[in-house]
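Quick note: the coordinates plus some simple rules give every number you see, no bench work behind them. The model shown is predicted, which means the values in this text are computed figures rather than measured ones. Reconstructed Cβ throughout: ideal geometry from the backbone, glycine too, with neighbour counts over all protein chains shown.
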Amino acid sequence: MNFQTPTGMSRRHFMSHMAGASALTVPALTLGHTLQTHADSLSSRKKSAILLWMGGGPSTMDIWDLKPGAPTGGPFRPIATSGNAQISEHMPMMAKNMHDFAVIRSMSTKEADHGRGRYYMHTGYVPNPNVEHPSYGAVLSHELAHQRPDLEIPPFVAVGGGSVGPGFLGMAWSPFTVNSNGQVRNLDMGIEDRRLMQRMAALDLIEKGFINQKRGSAASDHQDVLKKTLNLMTSEQMNAFKVNQEPTEVQERYGMTNFGKGCLMARRLVEAGVPFVEVGLGGWDNHQNIFNTLADTKLPELDKGMSALTEDLRERGMLEDTAIIWMGEFSRTPRINGNTGRDHWARSWSVAVGGGGINGGIAVGETNAEGTRVETEPYTSQDVMASVCKALGISLETTFTSKSGRPMKIANGGKVIKELFS
């Protein structure tokens, strides 16, 4: 697999990415960062976040906020859970884990285009041609990386693609994209990589020649990058990407699908010290045949992987320090179209959050009987991000400076959703 990311990070950029990533032991990460120290804003415990990204716009009224009996409701029925909120009958395993999750049912946003919605839900900002905003993964890994001075692998990993990049925070905070098998070309050292090692040795010899000729700092800087990259390639922490090292029964518990393997990898990466992991599950743009698609494939796959991740983190004592965010770019229309599908809808929908000390077993806010509008206080991407920051101990006074010199407040000034916390 190559090093492609949605922000255009290619193999040509890999060296610069690794140079930044390997500099995470440096405590002073500036870019106009707030003067408030990390010690003031974060607890001493290592915090992490896992984003389960549902690309395409999942129909949340068929998953988290069902409307039985309404003309918009569809055929699915709600079932009781281990918390106080009912969810879809096609999520029975997650129903047993809802005491650790809250469903925010009063999400109301304005971006119902895939690209714009994806950008907005990942950053808290609407697209702007004059500034590229950092994604939540970049921001949270930037804020949490100092807790991991021994981390040798990238602090922001995207499994299966779909994420948004680092914006003005810079290449060091780009998503490091791998597939669900954790395959990253040239990073599994073995006999077949002998040629790579020979080339790196030759390049090192050439650069030493340039350094000895005192031709400036470029050669020595690049040589330093090569050394850091080699350290990454030979780090034992890279084993966190190898889900096939898990016992067969553990892999089967998560599901032998790309999403299941991605969730298992997320647990392994967080356990290894990675502060932010995004796992993608696409295929939610269901303009037709939505109910068969959800019942037969999408919801069983989601249910198995998400429940196994939650249970595994809980059993390992990691759930209290790991926030899990489930969301897509928007939801789907309450109205069922002529192709037995639902179209794009951002006006009234749901996001699920859990772990990280967030109050579980509850539904926050509500929509009307048809699901067409929010009846309580509406919440936004910014509010979700602000709440996750609180769960992770990150100060909402944190401010960055964009490349144009403009101050940018973390979470775009969003408000904490008070029901999520005691």
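Mind telling me which of the residues 307, 331 ends up being more than 27 Å from residue 112 (Cα to Cα), polar (S, T, N, Q) and either surrounded by 21 or more Cβ atoms within 10 Å (Cβ to Cβ) or within 24 Å of the chain's Cα centre (by Cα) (or both)?
Criteria check complete, one pass: 307.
Filter the range 334-364 down to residues that are buried (at least 21 other Cβ atoms within 10 Å of the Cβ) and over 24 Å from the mean Cα position of the chain (by Cα) and give me whichever is nearest to residue 393 (Cα to Cα).
Filtering first and then ranking leaves 334.
Go through (1) over 27 Å from residue 421 (Cβ atoms); (2) free of Cβ contacts under 8 Å to residues at least 12 places away in the same chain and name the single condition residue 317 misses.
For residue 317, the exception is condition (1).
Hey, does the range 349-369 have a residue that's without any contact (Cβ under 8 Å) to a residue 40 or more places away in the chain and either more than 26 Å from residue 315 (Cβ to Cβ) or not small (Gly, Ala, Ser) (or both)?
Within the range 349-369, one or more residues are without any contact (Cβ under 8 Å) to a residue 40 or more places away in the chain and either more than 26 Å from residue 315 (Cβ to Cβ) or not small (Gly, Ala, Ser) (or both).
Does residue 115 qualify as being closer than 30 Å to residue 295 by Cα and not in a loop (DSSP other than H, G, I, E, B)?
Taking the combined requirement at face value, the residue satisfies it.
Quick one: which residue in 295, 323 is surrounded by fewer than 18 Cβ atoms within 10 Å (Cβ to Cβ) and among the hydrophobic types (A, V, I, L, M, F, W, C)?
295
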